[in-house]
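K.L.:
Input: one structure, supplied below.
The values are calculated or read from the model by the stated rules, or taken from the named source; none is laboratory data. In this text, all values refer to a predicted model and were calculated from it rather than measured experimentally. In this analysis, Cβ positions are derived from the backbone assuming ideal geometry, glycine residues included, and neighbour counts consider all displayed protein chains.
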Amino acid sequence: MLENLKALEDTNIIQIRHELADYTAAQFLEASEEIVIQNEGKETEKESKAISILLKIGAALISGANKLFETGNTYAAAALVRQLVEVEYLAWAFEDDKQEAEKWIDSEKEERMRFFTPAKLREAA
């Protein structure tokens, strides 16, 4: 157990984690753009647009959390990681029911607050 804790202070491992976060954020953005290009004008356009938006949000959250972790602002970074978990719940909802993605992309703020809250998404997951 104590050996695992050493990884928290190992500067080489810390640097690798930061590089992985940067890489992941960049890959999410690239995938987001590619999804839009590949699905333009297709029947699945709304679903792919919703997934593309989730990827962009995920990229921003990962990048932001990584920068906050790098500067030692762990509380704020953890808050962004929690938001990333909520994005994951939305992705699961979209995977389970493709119409959920269309509902989400077409919804107004009030509808999203009523039907796509973290609690409802966790419950569905």
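K.L.:
For the stretch 97-117, give me each residue that is among the aromatic types (F, W, Y) and without any contact (Cβ under 8 Å) to a residue 40 or more places away in the chain.
P.N.:
F115, F116
K.L.:
Quick one: which of A50, A59, A25, A21 is of a type in the set (G, A, S) and more than 24 Å from A78 (Cα to Cα)?
P.N.:
Of the residues listed, the single one that is of a type in the set (G, A, S) and more than 24 Å from A78 (Cα to Cα) is A50.
K.L.:
List pairs: first residue in the stretch 75-96 and within 22 Å of R114 (Cα to Cα), second residue assigned to a helix (DSSP H, G or I) and of a type in the set (V, I, T) anywhere in the structure, Cβ distance under 7 angstrom, at least six positions apart or on different chains.
P.N.:
Cβ pairs passing all conditions: L84/I62; V87/I57; F94/I51.
K.L.:
Something else about it: Scan A7, A31, A25, A21 and give me the residue that is of a type outside the set (K, R) and farther than 26 Å from E86 by Cβ.
P.N.:
A7
K.L.:
In addition: I need the helices (runs of 4 or more DSSP H) fully contained in the stretch 1-110, keeping only those with at least 2 residues that are at pLDDT below 85 and either surrounded by fewer than 18 Cβ atoms within 10 Å (Cβ to Cβ) or within 19 Å of the chain's Cα centre (by Cα) (or both).
P.N.:
2-6, 45-70
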